[in-house]
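The values are calculated or read from the model by the stated rules, or taken from the named source; none is laboratory data. Quick caveat: nothing in here was measured; it's all calculated off a predicted structure. Cβ coordinates were reconstructed from backbone atoms using ideal geometry, including for glycine residues, and neighbour counts include every protein chain displayed.
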Number of protein chains: 2
Amino acid sequence: MDAEEGLPFVKYRKNESTWFRVLKQRLPILQWAPKYDRMTAVADLVAGITLGLTLVPQSIAYASLANLPVQYGLYSAYIGTMLYVVLGTVKEVSIGPTSLMSLLILQICRGLPVEFVVLLSFLSGCMVLIMGLLRLGFLVDLISPSVTSGFTSATAVIITASQIKGLLGLSFTAESVFDNIRLIVLKWDEVRTPDCILGAVCCAVLLLLRKLKDLQVHPKKPKVKKALWLISIGRNALVVILASTFAYFTYDPQDPLIKLSGRVEPGLPPLSMPPFSAVLENRTVHFVEMVQHLGAGMLMMPIVMVLANIAIAKAFSSGGRIDATQEMLTLGLCNIVGSLVHAVPTCGAFTRSAVSHSSGVRTPAAGLYSGIITLLALIFLTKHFFFIPKACLSSVLICAVIFMIDLSIIRRLWREDRKELAVLGLTFVVSIVKGVELAVLAGSLASVAVLIRGVMTPSVPMYTIKTCDGEVCRVRPTLCAVYLNSARVAARVAAGAARVAPRPVLLDCGQLALLDYAAGQVLVRLIKKMKESNQMLLFYNVGKDIFKQIEALEGVEKRTLKATNVIEALNLIEEKYEIEETTPLLSKDA
Amino acid sequence: MDAEEGLPFVKYRKNESTWFRVLKQRLPILQWAPKYDRMTAVADLVAGITLGLTLVPQSIAYASLANLPVQYGLYSAYIGTMLYVVLGTVKEVSIGPTSLMSLLILQICRGLPVEFVVLLSFLSGCMVLIMGLLRLGFLVDLISPSVTSGFTSATAVIITASQIKGLLGLSFTAESVFDNIRLIVLKWDEVRTPDCILGAVCCAVLLLLRKLKDLQVHPKKPKVKKALWLISIGRNALVVILASTFAYFTYDPQDPLIKLSGRVEPGLPPLSMPPFSAVLENRTVHFVEMVQHLGAGMLMMPIVMVLANIAIAKAFSSGGRIDATQEMLTLGLCNIVGSLVHAVPTCGAFTRSAVSHSSGVRTPAAGLYSGIITLLALIFLTKHFFFIPKACLSSVLICAVIFMIDLSIIRRLWREDRKELAVLGLTFVVSIVKGVELAVLAGSLASVAVLIRGVMTPSVPMYTIKTCDGEVCRVRPTLCAVYLNSARVAARVAAGAARVAPRPVLLDCGQLALLDYAAGQVLVRLIKKMKESNQMLLFYNVGKDIFKQIEALEGVEKRTLKATNVIEALNLIEEKYEIEETTPLLSKDA
């Protein structure tokens, strides 16, 4: 695997020294910067600004989802975006706060002060960096698409459930989906009508604006089309600005009409070391204890980060081929550096990457412009964040995540692969009931179980072939012979052997690409047992993947290994079986 | 799998009604009893008596290993042996107490009264019966030979460590191997010389007698050979009788020279329901609480039982083919019925099966005679069991298990498959440190990990082939395309596509026998992406295992699926690529 992972990701010019090649691979900006021209810069500027208009309101909303002061969303938004300019390989990827990260923060750091979240960001970054250095990207392949789909949908459901209270103007802390529903029912009397109305309006506007870009416009009016598209893409910013303006003009400090975000720390965050101690319940907690509080989440966070980031990179990179190691190193650095400016855990966001893509981004440089927009928002706008209504942020979140619920895949899997549907269902249910971490584990194990079931029961077709000396038997095991299924293969061969005894059984290895030690030993025992009754087990058509292994088996007849068909194999041991080549082969195989 | 599992195990006469066939399959005695003749009966009688001479002393020793009163060994020995006559399919298998069962009893029921052990026998029997009815025998295949080897060797080490105290005349209860060693060192002053000497003599005699049957005897003296063989096989009984006689004549109630087994309940056990309540620490404990005390052992016990029994049945059945369902039903019934006469958990024993085999057993009827010998021992000999020295029982145990430690496999695996060696080592170490149950789980997961590693990195050879229109690319994925490796396969195809664009890429599916939904979706995306740049991805040589799935893929070119080579495939889409059949194919493939 490594040999190929190491294939140069980009074609390099000859005459380049090795260290410059490595430098180019690890600082991909060196690949595109020399060719950067004005047209590309303009395209990137447009895409970057568009992205910024999504990034700022999303960051605020994701911070509120994670129960963090809203400025932390922006603290986390600009570092990743700007570092990716230098280190990133996929131009569409936008690293920053995401719904998945917020949900995990909520689950891991419930009831803990924000220092824990920043430390989690730092530690996760370190873990991802180490995973990148150790080339552990393959771990992500263990999480099957059904698991990803199940837990993405569950994430959307959990987030929606947690945001309904915001739409209704309620305030409480709830652990699970059921908790949320229970508390909403209990507190139904406290529902605030103005918040409800504002929330409903925001949702309606967001959903309508989302459809705006698909509107049929007369093809001679490209500017109208472009304006509609821009409004559609910038809908989050638009709704937040409109709702905040409304809140500003209706604001009454004594009896606020709608619930607002409240005071926000204005300005840029100070640069500082990640917090290695924090105050929890009036007591100073040090590093080791902080880590204990974070618990298993410290392992889960980096894996989910890498999973999300690589999935997005794969989806947007041309040819589906990405440099997983570089992506992991970048993601790790983004989180480590981020934790120095109080950023919470970040990774690539699918929604924002789609915005970049449809805005016509050309190079990762677009991130620079959206980063600058975020910084400007931090410097000049934070004092106005006070007026962002909570119902508005809930609307932004709900309208972002409900489209992550993928119902069509259920129909498709029901038709095509119900085992995968079961895996998806299991992951979804465990996510809702027991949390996302356990669900990923349970789903992955279920995927492996489905795979093992496939490996345990490969088809082992068997044919009898008439030769001039009588019948021989041909057995053609498929897939692989491993400890899980070797008894099955051996039983088939024994059945064939009993039928044509004492004539040979020919084992066609053409479809075998994996043979483990246990299966090898089963075959050795079979050869021995058949030899005792003067019957031969001949291997032929052996591919190069397993040639050495088959050749090393005790008692194996080496002459026939390279034969490609039954006649050739029998001819190679002709002192026992004289075959006239003209003898017709009557086989069910044809 | 089921279709084949259901294949008739024995050839039946025509004209037999279906229910009689089923009856014959479920009561295998009906298969051999009608043909039972005097010669077979004599052979079985000899084998049965020989087996009895091993069964009685082993049962006593295994009971003492499990920290149970020695009569419980015999209570457990006759029911299984005799039921197997009626229900068993493999003539060599002897169901009764085994070292593995005793070790598990020791681990699961430490400090609990014997009622718990009998209940465990009943519940395990029920579980095995249910596993048999649900056809869950395939679960045993999940435990790879490396795991079995590792935990068998560990069992031998644990048993040896626990029996050294008996050889030294010490008494204490120890949990683990390390505990045993620590306590032996601590109590070194209390070591009793007479016990040591007796133990050493017993061990020496047992090991020498074991070698006796391999002695070269003049071929004209078959009777001498036979006598030596009989002494060798009956060595356990011989040593126990000699040692007990010695103890009887040197016995002094005031100051016993050597430690003895002590009082044994004489006679047959009463027939009674399994104990659904017991007295623990002066308190009556009812069923539910008893089950809680047994804990996870209740799941582990039946799985290990089935594993051991099926492994032995496989090793001795002709052709390696066994009726796993029937074996499980039998084993379940043996334990359930056994629990009615105070039997502890039982399963097939490898050592005894080997004795049966070398004694020339002909049908399962031999078990009847060894069962009768056990019953006679229970009725007439139990009062003499008082005098069996503990050091003698320890010697019998140690000399039985040390040959289970398989060192040769380590050397072989080091040469041939170090991943398997790692699995074996892991299982061994976990067994010693954390117990056999956890070791089987850890080892099985490690085996699956090794398999997954193999599946993740199959070779995907790629060739370029020159045609008259230019180069095309042929990619030949091996093994399977599943979620674990589909990204890798797709990347290879994309690389090939980039090389020959816009000429087609041909995907040879001849070695693919498994394709899951995730991999199918990856291929669909690839087809789509290549179509966008007017390049074709053609599948050919598609085997019947995956034909339907490939055919159902969105956008797949159906015409070429059945083509067996590149020329044929290209000809089938000739409106685009005109190939003269005379064009030489230059391929690295040849």
Subject >> Selection from region B:399-417 of residues that are hydrophobic (A, V, I, L, M, F, W, C), under 21 Å from the mean Cα position of the chain (by Cα) and either within 14 Å of chain A (Cβ to nearest Cβ) or part of a helix (DSSP H, G or I) (or both) >> reply: B:Ala400, B:Val401, B:Ile402, B:Phe403, B:Met404, B:Ile409, B:Ile410, B:Leu413
Original post:
Taking only pairs six or more apart or across chains, which ones have beta-carbon atoms under 8 Å, a first residue in region A:533-559 that is on the phi > 0 side of the Ramachandran plot, and a second residue that is exposed (fewer than 14 other Cβ atoms within 10 Å of the Cβ) and of a type in the set (Val, Ile, Thr)?
Top reply: A:Asn541/A:Thr564
Original post:
Checking A:Cys392 against (1) surrounded by fewer than 24 Cβ atoms within 10 Å (Cβ to Cβ); (2) within 26 Å of A:Leu207 (Cβ to Cβ); (3) not aliphatic (A, V, I, L, M), which test does it fail?
Top reply: (1)
**OP:** Might you check whether a residue that is more than 14 Å from chain A (Cβ to nearest Cβ), within 27 Å of the chain's Cα centre (by Cα), part of a helix (DSSP H, G or I) and among the polar types (S, T, N, Q) occurs anywhere in region B:169-190?
**Re:** no
**OP:** Kindly check whether there is at least one residue in region B:209-232 that is within 18 Å of B:Ala377 (Cβ to Cβ) and either in a loop (DSSP other than H, G, I, E, B) or without any contact (Cβ under 8 Å) to a residue 12 or more places away in the chain (or both).
**Re:** no
Subject >> Residues satisfying the stated conditions in region B:483-504, i.e. assigned to a loop (DSSP other than H, G, I, E, B), buried (at least 24 other Cβ atoms within 10 Å of the Cβ) and more than 9 Å from chain A (Cβ to nearest Cβ) >> reply: B:Pro504
Original post:
Would you pick out the residues in region A:171-182 that are more than 23 Å from A:Phe350 (Cβ to Cβ), hydrophobic (A, V, I, L, M, F, W, C) and modelled with pLDDT of 90 or more?
Top reply: A:Phe178, A:Ile181
Subject >> Among the residues listed as A:Ser99, A:Ser162, the single one being surrounded by 21 or more Cβ atoms within 10 Å (Cβ to Cβ), at pLDDT below 90, within 30 Å of A:Arg418 (Cβ to Cβ) and out of contact with any Lys or Arg (no Cβ under 7 Å at 6 or more places or on another chain) >> reply: A:Ser99
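Pull up region A:447-471, narrow it to residues that are touching a helix residue (DSSP H, G or I) at 6+ places or on another chain (Cβ under 6 Å) and more than 14 Å from every other protein chain (Cβ to nearest Cβ), then point me to the one that is nearest to A:Ala497 (Cα to Cα). Break it down stepwise before answering.
Filtering region A:447-471 down to residues touching a helix residue (DSSP H, G or I) at 6+ places or on another chain (Cβ under 6 Å) leaves A:447, A:450, A:460, A:462, A:465, A:471.
After this cut, where a residue has to be more than 14 Å from every other protein chain (Cβ to nearest Cβ) as well, the list is A:465, A:471.
Working: A:Ile465: 13, A:Glu471: 11 Å.
Among residues in region A:447-471 that are touching a helix residue (DSSP H, G or I) at 6+ places or on another chain (Cβ under 6 Å) and more than 14 Å from every other protein chain (Cβ to nearest Cβ), the one nearest to A:Ala497 (Cα to Cα) is A:Glu471.
Restricting to region B:492-526, name every residue that is among the charged types (D, E, K, R), touching a strand residue (DSSP E or B) at 6+ places or on another chain (Cβ under 8 Å) and within 27 Å of A:Thr478 (Cβ to Cβ).
Of region B:492-526, the ones among the charged types (D, E, K, R) are B:492, B:499, B:503, B:508, B:516, B:525.
Pick out the ones that are also touching a strand residue (DSSP E or B) at 6+ places or on another chain (Cβ under 8 Å) and you get B:492, B:499, B:503, B:508, B:516.
Result: B:Arg492, B:Asp508, B:Asp516.
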Original post:
Name the residues in region B:452-493 that are touching a residue at least 60 places away in the same chain (Cβ under 8 Å) and closer than 21 Å to A:Lys314 by Cα, would you?
Top reply: none
**OP:** Please go through region A:251-265 and pick out each residue that is surrounded by 14 or more Cβ atoms within 10 Å (Cβ to Cβ), touching a Leu at 6+ places or on another chain (Cβ under 8 Å) and either without any contact (Cβ under 8 Å) to a residue 24 or more places away in the chain or not hydrophobic (A, V, I, L, M, F, W, C) (or both).
**Re:** A:Ser261
**OP:** For region B:9-19, state whether one or more residues are crowded, with 16+ Cβ neighbours inside 10 Å, at pLDDT below 85 and over 30 Å from B:Phe386 (Cα atoms).
**Re:** yes
**OP:** From (1) more than 8 Å from chain A (Cβ to nearest Cβ); (2) outside any helix (DSSP H, G or I); (3) surrounded by 18 or more Cβ atoms within 10 Å (Cβ to Cβ), pick out the condition that doesn't hold for B:Lys562.
**Re:** (3)
Subject >> Single unsatisfied condition, B:Gln216 versus (1) out of contact with any Leu (no Cβ under 7 Å at 6 or more places or on another chain); (2) under 24 Å from B:Leu260 (Cα atoms) >> reply: (2)
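Can you tell me which residues in region A:472-494 are of a type in the set (A, V, I, L, M, F, W, C), in contact with a Pro (Cβ under 6 Å, 6 or more places away or on another chain) and closer than 22 Å to A:Ile452 by Cβ?
We begin by selecting, within region A:472-494, every residue of a type in the set (A, V, I, L, M, F, W, C); these are A:472-473, A:475, A:479-482, A:484, A:487, A:489-491, A:493-494.
Then keep just the ones that are in contact with a Pro (Cβ under 6 Å, 6 or more places away or on another chain); that gives A:472, A:479, A:489.
Within region A:472-494, A:Leu479, A:Val489 meet the criteria.
For region A:452-482, which residues satisfy the criterion of being in a loop (DSSP other than H, G, I, E, B) and within 44 Å of the chain's Cα centre (by Cα)?
Taking region A:452-482 first, the residues in a loop (DSSP other than H, G, I, E, B) are A:457-461, A:468-469, A:476-478, A:482.
Residues satisfying the conditions are A:Thr457, A:Pro458, A:Ser459, A:Val460, A:Pro461, A:Arg476, A:Pro477, A:Thr478, A:Val482.
What residue, of B:Ala324, B:Ala343, B:Ala354, is small (Gly, Ala, Ser), surrounded by fewer than 18 Cβ atoms within 10 Å (Cβ to Cβ), out of contact with any Cys (no Cβ under 6 Å at 6 or more places or on another chain) and at negative phi? Reasoning before the result, please.
Values: B:Ala324 fails: surrounded by fewer than 18 Cβ atoms within 10 Å (Cβ to Cβ); B:Ala343 fails: surrounded by fewer than 18 Cβ atoms within 10 Å (Cβ to Cβ).
Result of the check over B:Ala324, B:Ala343, B:Ala354: B:Ala354.
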**OP:** Name the single residue, out of those in region A:511-552 being more than 8 Å from chain B (Cβ to nearest Cβ), of a type in the set (A, V, I, L, M) and outside any helix (DSSP H, G or I), that is farthest from the chain's Cα centre (by Cα).
**Re:** A:Met536
**OP:** Could you please let me know if B:Ile379 is away from chain A (no Cβ under 14 Å), surrounded by fewer than 18 Cβ atoms within 10 Å (Cβ to Cβ) and touching a residue at least 24 places away in the same chain (Cβ under 8 Å)?
**Re:** yes
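Kindly indicate whether B:Val542 is of a type in the set (A, V, I, L, M), at pLDDT below 90, surrounded by 22 or more Cβ atoms within 10 Å (Cβ to Cβ) and closer than 22 Å to A:Leu451 by Cα.
So B:Val542 does not fit the description; no.
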